[in-house]
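Report on one structure; see the data block that follows.
The values are calculated or read from the model by the stated rules, or taken from the named source; none is laboratory data. Remember, predicted model here, so these are calculated numbers, not experimental data. Cβ coordinates were reconstructed from backbone atoms using ideal geometry, including for glycine residues, and neighbour counts include every protein chain displayed.
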Amino acid sequence: MDWRKRNLYYYRWLERIAASAVPPGLRVLQVGCETGHLLHALKPGYGVGVDEDQENIARARVLFPELIFIHAPDLGEFVLDEKFDAIVISNSIGRWSDIEGVLQRLQACCASETRVMVAYYSHLWAPILRLGSLVGLRRPRAYENWLSHDDIRNFLHLADYDVIRADSHVLLPVYIPLISAFCNRILSLLPGLRHLNLVSFVTARPAGRTISEDGLSVSVIVPCRNEKGNIAQAIARIPRLGRETEIIFVEGNSSDGTAQEIERQIALNPDKKITLLRQEGVGKGDAVRRGFAAAQGDLLMIQDADLTAPPEDLPKFVRAFSSGKGEFINGSRLIYPMEKEAMRFLNLVANKFFGLLFTWLLGQRFKDTLCGTKALSRRHYQGIAAHRSYFGDFDPFGDFDLIFGAVKQNLKVVEVPVRYKARTYGATNISRFKHGLLLLRMSWIAFKKIKWV
């Protein structure tokens, strides 16, 4: 019986969900590939499918001869000596008799950048799916283990994977005109109701591999406009990081002599690697991109020139990256008590609101989206820059360009709390109402491009 045709609406939803997480052209391994349709839909540059059912494999080889399909009677004994960019496990994990063992074996197919995507049925749907099998609407299974979200996370943890993000989809898996679209496009995304969705999707990575801090070169980008009074302090207070630290000031056509002060400080600090770039565009986002493009370090960091987030906290970001705890390190100003006048009350409320909103939209924790201090590898930034057109050049701050790009690349995000101080020189360039409207626009972009698959 052609179970795919019978449930085509659901299978196409599943393919769309997986394709939103796995870019085309990658080396992809699918474990539990069935007849190969999902693997084909991912458009891999090199694709391998593995399944325990010999009939599935035979049919997949006929349907998709450009892909490789392997029959593995016992996945617990399955070994494949190849590395893949993505490993997809689609609704098959509940049929394995040794889940931890299979996941551990798949570590041999993982490089440091490999992402493992696990799709599985919610255990809340077990009675409905069992009934579907009994009445012939769904393929019957000889063995099926209904796992909770916590069970899946625990198995991944035991097999040395870090969970990056998790989400759920498909509230109504059958097609009913208009009603299905409303349920799956709107209701399935709402807090509370989304816990009733049929399919959960977890993205994980091999547990973080450590990098010696002494082996890292670090570039600190300092966007600055009318910050003359902070330049000397910035240079004095940015600590030595890794084996080599370069400081790149990107000056934005200041009227207070900031550029001249940077040049003077470069002359006064010949022992430090300091560069001045003149900004041709407008806005902090443009300055960050210009600085990152010129940076030579392995690890790229942002330090705001107003020094409200102290440079003394930068080593914590290097430590979080080098220890393998995260790949995109985001600062948070909303943990420690702030100095009086550091952040206006309405700004504080808005920051907390947008933190909650973006955590829901992006599937990873973002308590503070607009903290200027951030860190990521130059290699990952280059990946973000290469795919910037997916979201568009919309971000005057620079924060969301990086946040959206990091989430789209499935980077592991961790937050480092920073102490937030009041300004001692100059004035903020933030307009709470104008920029609040921009944040709402960015929220809509994140919803369309990431949440609404």
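Pairing residues of the stretch 286-306 that are closer than 19 Å to PRO239 by Cα and in contact (Cβ under 8 Å) with a residue 60 or more places away in the chain with residues that are assigned to a helix (DSSP H, G or I) and among the acidic types (Asp, Glu), at Cβ distances under 9 Å and at least 6 apart in sequence or on separate chains, gives ILE302/ASP399.
The helices (runs of 4 or more DSSP H) found entirely in the stretch 97-172 that carry 1 or more residues being free of Cβ contacts under 8 Å to residues at least 60 places away in the same chain, within 18 Å of the chain's Cα centre (by Cα) and surrounded by 15 or more Cβ atoms within 10 Å (Cβ to Cβ) are 149-158.
Residue count for the stretch 81-90, restricted to those that are closer than 23 Å to PHE201 by Cβ and either at pLDDT below 95 or aromatic (Phe, Trp, Tyr) (or both): 2. Is it the case that SER219 is over 30 Å from CYS109 (Cα atoms), of a type outside the set (Val, Ile, Thr) and in a strand (DSSP E or B)? So SER219 passes the test.
Determine which member of the set ARG205, ARG240, ARG209 is touching a residue at least 12 places away in the same chain (Cβ under 8 Å), surrounded by fewer than 17 Cβ atoms within 10 Å (Cβ to Cβ) and charged (D, E, K, R). Reasoning before the result, please.
Numbers: ARG205 fails: surrounded by fewer than 17 Cβ atoms within 10 Å (Cβ to Cβ); ARG240 fails: touching a residue at least 12 places away in the same chain (Cβ under 8 Å).
Answer to the selection: ARG209.
The residue that is modelled with the lowest pLDDT, among those in the stretch 373-392 that are in contact with an Asp or Glu (Cβ under 8 Å, 6 or more places away or on another chain) and closer than 24 Å to LEU438 by Cα, is PHE391. Looking at ALA305, ALA234, ALA294, just one residue is small (Gly, Ala, Ser) and surrounded by fewer than 19 Cβ atoms within 10 Å (Cβ to Cβ), and that residue is ALA294. Counting residues in the stretch 318-325 that are within 22 Å of the chain's Cα centre (by Cα), under 26 Å from ALA446 (Cα atoms) and among the polar types (S, T, N, Q) gives zero.
Based on what the data block shows, is LYS43 exposed (fewer than 15 other Cβ atoms within 10 Å of the Cβ) and at pLDDT 95 or above? So LYS43 fits the description; yes. The single condition among (1) within 30 Å of the chain's Cα centre (by Cα); (2) at pLDDT below 95; (3) among the acidic types (Asp, Glu) that GLU246 does not meet is (2).
So which residues in the stretch 76-96 are assigned to a loop (DSSP other than H, G, I, E, B), under 15 Å from ALA111 (Cα atoms) and touching a strand residue (DSSP E or B) at 6+ places or on another chain (Cβ under 8 Å), if there are any at all?
Let us first name the residues in the stretch 76-96 that are assigned to a loop (DSSP other than H, G, I, E, B), namely 78-83, 91-92, 96.
If we keep only those that are under 15 Å from ALA111 (Cα atoms) as well, we get 80-83.
The answer is LEU80, GLU82, LYS83.
Restricting attention to the stretch 260-291, the residues being among the polar types (S, T, N, Q), surrounded by fewer than 18 Cβ atoms within 10 Å (Cβ to Cβ) and in a helix (DSSP H, G or I) number 1.
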